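Asks: One structure, as structure tokens, below. Some questions next.
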Amino acid sequence: MNKNLYLKVLSLICLMFSLPGMTGGHLDHEKGHSSGNETVASDWVTAGYTGKDASIKMVEQNMADDGISVQGRYVGFGFNWDPRENEMRVGRVTPDSPADGVLMVGDLFLEVEGIKVSPENFGKLPFRGLPGKKISAVIERDGNEMEISFARGTIRGEITKAQVLENMNSGDADSWPAKEFRIIEVLSKDNIVYVLSHATQTDNMVDLDFMAYTVTRFMFNEKGKVVEVANLTEDRFILEQTGYTITR
């Protein structure tokens, strides 16, 4: 990660929290609807660091039925699969992604770039890399094997409350909690709340602990339910600066 770019990202975070008109401080807030929103936002982030069950309960109780989670941009293909299974079967395809029109829900990956797919090498398959780079794969669809090829692209998606809960339910409860975390600041304006947090976590792909700041942005409706949530985190920046190459 370029040092200057890293400093710009941190400056962006600092700038976000110096905007005029923002109120905040979960511990010192004044009464009003925004205070309730700040409490929910802070508790939401806390639950995310605490564990799987707490996270699921928070979403079930506080996310609007029509709420969305804005996914962070990444370079990839735009499909999801359930890591709890002993196979890599497509569970969802992101609209307008490179995978859209190539993969279908239910497709089973057999090979990726000549590498046989197995639970032992899920994390080593060459899905991550430069945008525009094509990979080939062999999948099984409706009992028939077929070859596919598609190029990595920049993926940005929005998922529904049901999809958020689906993703959470497929997560590993044992590796979910952060080793350490703290809520640094909670700021709000109207129906928007920002939460700045810091945590020590483990990236299981490279078995490396990292510390990262995260800004989580919440938008609430008039009923105090979350209608949009998104975050900006520096965990990948930390890993790249440490000298690790992300291979998938």
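Asks: Please indicate, with yes or no, whether at least one residue in the range 209-222 is polar (S, T, N, Q), more than 23 Å from GLN61 (Cβ to Cβ) and either at pLDDT 95 or above or in contact with a Phe, Trp or Tyr (Cβ under 7 Å, 6 or more places away or on another chain) (or both).
Replies: No; the residues of the range 209-222 include none that is polar (S, T, N, Q), more than 23 Å from GLN61 (Cβ to Cβ) and either at pLDDT 95 or above or in contact with a Phe, Trp or Tyr (Cβ under 7 Å, 6 or more places away or on another chain) (or both).
Asks: Moving to a separate point now. So, restricting to strands (runs of 3 or more DSSP E) that lie completely within the range 98-196, which ones have at least 3 residues that are of a type outside the set (Asp, Glu)?
Replies: Filter on the range 98-196 gives 108-112, 134-141, 144-151, 153-155, 180-189.
Asks: Return the pair list, or none, for Cβ contacts closer than 9 Å from residues in the range 50-65 that are closer than 18 Å to THR202 by Cβ to residues that are modelled with pLDDT of 95 or more and of a type in the set (A, V, I, L, M), at least 6 apart or on different chains.
Replies: Partner pairs satisfying both residue conditions: SER55/ALA47.
Asks: Of all residues in the range 51-73, which are surrounded by 15 or more Cβ atoms within 10 Å (Cβ to Cβ) and either β-branched (Val, Ile, Thr) or assigned to a strand (DSSP E or B) (or both)?
Replies: ILE56, VAL59, MET63, ALA64, GLY67, ILE68, SER69, VAL70
Asks: Which of the following residues is in contact with a Lys or Arg (Cβ under 6 Å, 6 or more places away or on another chain), surrounded by 18 or more Cβ atoms within 10 Å (Cβ to Cβ) and not assigned by TED's automatic domain parsing to the domain that holds THR39: PHE127, PHE150, PHE79, PHE109?
Replies: Exactly one residue qualifies, and that residue is PHE127.
Asks: Where the second residue is in a loop (DSSP other than H, G, I, E, B) and the first is of a type in the set (Ser, Thr, Tyr) and lies in the range 87-106, which pairs have Cβ atoms under 7 Å and are six or more apart or on separate chains?
Replies: So the pair list comes out as THR94/GLY78; THR94/GLY157; SER97/PHE77; SER97/GLY78.
Asks: Right, next: Can you give me the number of residues within the range 168-195 that are among the polar types (S, T, N, Q) and either buried (at least 16 other Cβ atoms within 10 Å of the Cβ) or farther than 15 Å from GLY51 by Cα (or both)?
Replies: Counting residues in the range 168-195 that are among the polar types (S, T, N, Q) and either buried (at least 16 other Cβ atoms within 10 Å of the Cβ) or farther than 15 Å from GLY51 by Cα (or both) gives 2.
The values are calculated or read from the model by the stated rules, or taken from the named source; none is laboratory data. Every value quoted in this text rests on a predicted model; they were computed, and no experiment measured them. In this analysis, Cβ positions are derived from the backbone assuming ideal geometry, glycine residues included, and neighbour counts consider all displayed protein chains.
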